[in-house]
1. Which length gain, in nm to one decimal place, applies between Lys79 and Ile14 when the Cα-Cα distance is subtracted from 0.36 nm times their residue separation?
2. If a cysteine in the chain has no other Cys Cβ under 4.7 Å from its own Cβ, put it on the list, ordered by number.
3. Do the sum for the chain: with -39,500 (n - 2.57) for every DSSP H run of n ≥ 4, divided by all residues, what is the mean residue ellipticity at 222 nm, to the nearest 500 deg cm²/dmol?
4. Suppose every K and R has +1 on its Cβ and every D and E has -1 on its Cβ; what is the size of the dipole of the chain about the Cα centre, in Debye to the nearest 20?
5. Assuming a ≥ b ≥ c are the square roots of the Cα gyration tensor eigenvalues, decide whether segment 5-105 counts as rounded (a/c under 1.5), prolate (otherwise, with a/b larger than b/c) or oblate.
6. What net charge is computed for the residues neighbouring Ala68, neighbours being all others with C-beta under 13 Å from the C-beta of Ala68, Lys and Arg scored +1, Asp and Glu -1?
7. What order, most packed first, do the peptides 30-43, 100-113 have when packing is the mean number of other Cβ atoms within 10 Å of each residue?
8. Give me the percent of the accessible area of segment 5-105 that comes from carbon and sulfur atoms, probe 1.4 Å, all protein chains in place.
Amino acid sequence: MQDCVFCLISNKKIPSEIVYEDDELIAFKDNNPEAPVHILIIPKKHIPSLMELNDCDMHLMPKIFDTARKLAREFKIDKSGFRLVCNCGKDGGQSVGHMHFHLLGGRAFKWPPG
Ligand code: AMP
Ligand code: ZN
């Protein structure tokens, strides 16, 4: 998708602070962080949201969760705790239409979310 900001990041057309990459996933620092650690984990493939994830892409989910665990260890939030968040659609607060997971840590979060 030519006009998708996260496709542009995964294709290295616009700069980002990449913290992990493999053949199917890329993770980079959120440029408007809500916590000391705020990393976005995305599939390189343009999947608009969790609801558009089809059966042949389902294998990405355990990869995303395992990448979150690895990054939590690397950024030293594995012991203190963290949130892994996927905002989906309008009411979920999704602002970028390319499926992504927020890894947030380094401070305590409230519940329920606002
Ligand atoms: P969401 O509201 O769940 O769709 O989250 C989108 C996130 O993408 C927000 O936290 C933004 O700060 C972040 N974001 C948007 N553009 C960029 C960018 N170019 N580089 C890094 N993070 C971005
Ligand atoms: Zn995209």
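The values are calculated or read from the model by the stated rules, or taken from the named source; none is laboratory data. A quick note: this is a predicted structure, and the numbers were derived from the prediction, not measured. Positions of Cβ are generated from backbone atoms using ideal geometry, with glycine treated the same way; all protein chains shown enter the neighbour counts. Remember, those area values only see protein heavy atoms, side chains included, never the ligands or the DNA or RNA. Shrake-Rupley method; radii C 1.70, N 1.55, O 1.52, S 1.80 Å.
1. Values: separation 65, 0.36 × 65 = 23.40 nm, distance 3.32 nm.
Roughly 20.1 nm would be gained on extension.
2. Lacking a cysteine Cβ partner under 4.7 Å: Cys56, Cys86, Cys88.
3. Numbers: 3 runs with 25 residues, N = 114.
My calculation for the chain gives -6000 deg cm²/dmol from helical runs alone.
4. Numbers: 15 positive and 15 negative charges, 98 e Å.
I would put it at about 460 debye.
5. Values: a/c = 1.33, a/b = 1.28, b/c = 1.04.
In terms of gyration-tensor shape, rounded.
6. Within the 13 Å Cβ shell, the charges total +2.
7. Working: 30-43: 17.6, 100-113: 14.6.
So the order, starting with the most tightly packed, is 30-43, 100-113.
8. Numbers: 3010 of 5590 Å².
After summing per-atom areas, the C and S share lands at 54 percent.
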